[in-house]
1. For segment 208-218, what are the residues that are over 15 Å from residue 98 (Cβ atoms) and crowded, with 18+ Cβ neighbours inside 10 Å?
2. So which of 92, 33, 88, 41 ends up being more than 30 Å from residue 228 (Cβ to Cβ) and out of contact with any Cys (no Cβ under 6 Å at 6 or more places or on another chain)?
3. Could you check segment 41-69 and list, in sequence order, the residues that are among the aliphatic types (A, V, I, L, M), in a helix (DSSP H, G or I) and at pLDDT 85 or above?
4. Which members of segment 226-246 meet the condition of being part of a helix (DSSP H, G or I) and either of a type in the set (A, V, I, L, M) or closer than 17 Å to residue 141 by Cα (or both)?
5. Specify which of the listed residues (205, 239, 221) is at pLDDT 90 or above and surrounded by fewer than 20 Cβ atoms within 10 Å (Cβ to Cβ).
6. Considering only segment 28-40, how many residues are loosely packed, with under 10 Cβ neighbours inside 10 Å and at pLDDT below 80?
7. Taking the criterion of being among the hydrophobic types (A, V, I, L, M, F, W, C), in contact with a Pro (Cβ under 7 Å, 6 or more places away or on another chain) and in a helix (DSSP H, G or I), would at least one residue in segment 143-163 satisfy it?
8. On the basis of being among the hydrophobic types (A, V, I, L, M, F, W, C) and either within 20 Å of residue 109 (Cβ to Cβ) or touching a His at 6+ places or on another chain (Cβ under 7 Å) (or both), does residue 234 make the cut?
Amino acid sequence: MATSEIAQDVFARRVQRTRRWSLAGAIGRHAVLLLFSALALFPLYFMIASALKTNSDFADNQLGPPHHVVFSTFHSAVSGGDMGRWLLNSLLITAAAVIVSTALAAAAAYPLSLMRWRPGRWLLTLLIALMVVPPIVLIIPLFQMMSDAHQLNTYRGVIVIYTGIMLPFSTFLLVSFFSTIPRSLLEAARMDGASAWRTFIRVVLPLSVPALVTVVVVQALWVWNEVLIAVVFLQKDTLRTLMVGLTLFKSRYQVDVPVVMAGMLVATLPMFLLYLGGQRFFIRGLTAGGVKG
């Protein structure tokens, strides 16, 4: 009996010690996560807090919250320059490039996901290889091509370039997702007399909404924040995108940081709203292609 009690006491102490270590480990993990979250969110806090301050308030208290909240900085940011024009340019180019690229990627990914012959796999391998080519190495040949085609300083030229750069990633992601759709659904649609195109429109695309939303969000974020191609191929002031225009805006208001922060907050808002609208599909679209259905 004494031996049994001693064993139970030892076991209880081990369990208690394990619980303490588990609790300490959980606290440590959460502390690290909170630290990284704070580091990630601090730039956003700084941008919002600075945009709500006057210039004198910012000079007196750069990192703290605003003493008196003001919204005149947003009026100055929008009215002080061509930000409205830059915003419209970015919206037009982003929407056109994303729509064209997503449509072409979906149309290409559907047959590639069904192919079981070797050239289909070679095409997919080539697409994956194109994903690792940095856009900067394409600037000179693209500039020469667009110059010969008289497409410099045009929306069409930039939209075509963005579409071509985004196609490999978009097609690869959609191929991975389309491959998870049960073949039985496609065969049932075929037995009901649906053509390949009708099956694609009525069966495949509705089931692929998470993947399509993911492609749209990723593409829109990239096009919206892209600067290099926009600088090189859109050199007229009236054609500048918002991110390119913000560099000029910053130099114009470099002594008025709150106005600059307000302009950057306005530039961030459209993509933030887009992500909020598609966030419930975003993770599903990224992970769904990793497991075969």
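The values are calculated or read from the model by the stated rules, or taken from the named source; none is laboratory data. Nothing here was measured: the structure is a model prediction, and the numbers come from that model. When we count neighbours, we look across all protein chains shown, and the Cβ atoms used for this are built from the backbone with ideal geometry, even at glycine.
1. Quick first cut of segment 208-218, residues over 15 Å from residue 98 (Cβ atoms) only: 208-210.
Once the filter is applied, which keeps residues that are over 15 Å from residue 98 (Cβ atoms) and crowded, with 18+ Cβ neighbours inside 10 Å, segment 208-218 yields 208, 210.
2. Details: 92 fails: more than 30 Å from residue 228 (Cβ to Cβ); 88 fails: more than 30 Å from residue 228 (Cβ to Cβ); 41 fails: more than 30 Å from residue 228 (Cβ to Cβ).
Sole residue among the options that is more than 30 Å from residue 228 (Cβ to Cβ) and out of contact with any Cys (no Cβ under 6 Å at 6 or more places or on another chain): 33.
3. Selection gives 41, 44, 47, 48, 49, 51.
4. Step one: list which residues in segment 226-246 are part of a helix (DSSP H, G or I), which gives 228-233, 237-239, 242-246.
The answer is 228, 229, 230, 231, 232, 233, 239, 242, 243, 244, 246.
5. Numbers: 205 fails: at pLDDT 90 or above; 239 fails: at pLDDT 90 or above.
Answer to the check: 221.
6. 0
7. We begin by selecting, within segment 143-163, every residue among the hydrophobic types (A, V, I, L, M, F, W, C); these are 143, 145-146, 149, 152, 158-161.
Pick out the ones that are also in contact with a Pro (Cβ under 7 Å, 6 or more places away or on another chain) and you get none.
No, segment 143-163 has no match at all.
8. Values: among the hydrophobic types (A, V, I, L, M, F, W, C): yes; either within 20 Å of residue 109 (Cβ to Cβ) or touching a His at 6+ places or on another chain (Cβ under 7 Å) (or both): no.
Against the criterion (among the hydrophobic types (A, V, I, L, M, F, W, C) and either within 20 Å of residue 109 (Cβ to Cβ) or touching a His at 6+ places or on another chain (Cβ under 7 Å) (or both)), residue 234 does not qualify.
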